[in-house]
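For reference, the structure is listed below as structure tokens.
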């Protein structure tokens with residue numbers, strides 16, 4: 001097994017079946033098994049029945065392999081390439097430790113409701129690294145850890161609201177002052193009904209704008225039955241929904257299928273919700289984006305291309 005997969009298996013206890021991984025990475029199950037058996041790129045977790053299960057780290061590694069293949073590297077070269085990267089892992093560990101300290105400092109500031117502490121840490125990171133790097137290395141891991149604390153009852157709702165308000169103001173200012181795209185396809189973005197976790201949606205909106213899409217952002221807790229009219233008025237080419245909470249059965253069996261039928265454009269769901277109910281979303285005719293912004297945008301481009 002390659003070192004990247006071995007190191008990361010203990011980082012996240014959530015396990016996914018091969019069909020979910022195949023859909024999220026667009027690598028079919030036969031190819032995934034070949035990469036495991038023939039090339040030794042990773043080793044899934046095995047159930048007593050023999051079924052393969054994968055961690056988020058496996059999904060990230062598979063996405064990395066796909067990227068290397070897209071750049072022209074042969075599959076037989078990839079394991080050696082990954083091992084060569086591990087030769088400089090000590091330097092990378094130092095960088096990773098820095099980002100972990102940033103995350104820990106911001107979590108401590110959230111627990112203490114210390115806005116100045118948040119501002120100092122976030123500002124320091126932005127002064128040293130590009131915005132995209134800070135989003136990838138600090139904000140996304142931070143949101144994931146805060147979500148885990150909230151689900152495990154380690155953090156309070158007050159802490160969550162405190163940080164959400166702080167970051168929404170920061171990202172909202174970036175969104176307001178973004179460079180406006182004038183000719184790209186329009187995307188309609190909102191959170192799922194009952195879900196107010198809009199930070200990830202804002203991050204996705206900013207990335208979509210940079211990628212060349214025009215974005216109409218409706219925000220948190222949006223009723224699904226109002227979206228088709230909004231699509232018609234704005235000529236949006238897709239609806240992007242985001243959520244952290246697990247959607248209810250009525251939304252999955254009725255609300256989303258009706259939206260997909262009435263909107264007349266592709267409907268995508270991203271965020272933790274899309275992984276928690278992956279199979280149900282697929283049955284409803286909804287496109288699943290997962291939690292990775294870059295791979296999510298790549299999937300949207302397949303159905304809503306940006307004209308060159």
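The values are calculated or read from the model by the stated rules, or taken from the named source; none is laboratory data. Here the structure is a predicted model, which means the values were calculated and not measured. Quick reminder, even Gly has a Cβ in these numbers, built from the backbone with ideal geometry, and neighbours come from all protein chains shown.
Looking at 57, 108, which one is modelled with pLDDT under 90 and in contact with a helix residue (DSSP H, G or I) (Cβ under 8 Å, 6 or more places away or on another chain)?
That would be 57, the only listed residue that is modelled with pLDDT under 90 and in contact with a helix residue (DSSP H, G or I) (Cβ under 8 Å, 6 or more places away or on another chain).
Kindly indicate whether residue 194 is within 18 Å of residue 171 (Cα to Cα) and not assigned by TED's automatic domain parsing to the domain that holds residue 166.
no
Can you pull out the residues in the stretch 223-243 that are surrounded by fewer than 23 Cβ atoms within 10 Å (Cβ to Cβ) and either touching a strand residue (DSSP E or B) at 6+ places or on another chain (Cβ under 7 Å) or closer than 18 Å to residue 302 by Cβ (or both)?
Matches in the stretch 223-243: 227, 230, 231, 234, 235, 237, 238.
Yes or no: residue 293 in contact with a strand residue (DSSP E or B) (Cβ under 8 Å, 6 or more places away or on another chain), touching a residue at least 60 places away in the same chain (Cβ under 8 Å) and surrounded by 19 or more Cβ atoms within 10 Å (Cβ to Cβ)?
For residue 293, the condition - in contact with a strand residue (DSSP E or B) (Cβ under 8 Å, 6 or more places away or on another chain), touching a residue at least 60 places away in the same chain (Cβ under 8 Å) and surrounded by 19 or more Cβ atoms within 10 Å (Cβ to Cβ) - is not met.
Please determine, by comparing only the residues of the stretch 97-118 that are over 21 Å from the mean Cα position of the chain (by Cα), free of Cβ contacts under 8 Å to residues at least 12 places away in the same chain and part of a helix (DSSP H, G or I), which one is surrounded by the most Cβ atoms within 10 Å (Cβ to Cβ).
Filtering the stretch 97-118 for residues that are over 21 Å from the mean Cα position of the chain (by Cα), free of Cβ contacts under 8 Å to residues at least 12 places away in the same chain and part of a helix (DSSP H, G or I), the one surrounded by the most Cβ atoms within 10 Å (Cβ to Cβ) comes out as 98.
Please work out if residue 230 is over 21 Å from residue 213 (Cβ atoms) and either assigned to a loop (DSSP other than H, G, I, E, B) or modelled with pLDDT of 90 or more (or both).
no
Taking the residues in the stretch 85-96 that are surrounded by fewer than 10 Cβ atoms within 10 Å (Cβ to Cβ) and more than 23 Å from residue 145 (Cα to Cα) as candidates, determine which candidate is modelled with the lowest pLDDT.
Restricting to residues being surrounded by fewer than 10 Cβ atoms within 10 Å (Cβ to Cβ) and more than 23 Å from residue 145 (Cα to Cα), the top hit is 90.
Answer yes or no as to whether residue 277 is touching a residue at least 24 places away in the same chain (Cβ under 8 Å) and either at positive phi or over 14 Å from the mean Cα position of the chain (by Cα) (or both).
Judged against the criteria, residue 277 is a match.
Somewhere in the stretch 255-269, is a residue surrounded by 19 or more Cβ atoms within 10 Å (Cβ to Cβ), touching a residue at least 40 places away in the same chain (Cβ under 8 Å), within 21 Å of the chain's Cα centre (by Cα) and under 23 Å from residue 23 (Cβ atoms)?
Taking every residue of the stretch 255-269 in turn, at least one turns out to be surrounded by 19 or more Cβ atoms within 10 Å (Cβ to Cβ), touching a residue at least 40 places away in the same chain (Cβ under 8 Å), within 21 Å of the chain's Cα centre (by Cα) and under 23 Å from residue 23 (Cβ atoms).
Since residue 141 meets every condition but one in (1) crowded, with 18+ Cβ neighbours inside 10 Å; (2) touching a helix residue (DSSP H, G or I) at 6+ places or on another chain (Cβ under 6 Å); (3) in a helix (DSSP H, G or I); (4) touching a residue at least 40 places away in the same chain (Cβ under 8 Å), which condition does it not meet?
(1)
May I ask you to list the residues in the stretch 159-177 that are in contact (Cβ under 8 Å) with a residue 12 or more places away in the chain and more than 21 Å from the chain's Cα centre (by Cα)?
Scanning the stretch 159-177 gives 159, 162.
Among the residues of the stretch 36-75, count how many are more than 22 Å from residue 298 (Cα to Cα), out of contact with any strand residue (DSSP E or B) (no Cβ under 9 Å at 6 or more places or on another chain) and surrounded by fewer than 19 Cβ atoms within 10 Å (Cβ to Cβ).
Qualifying residue count, the stretch 36-75: 8.
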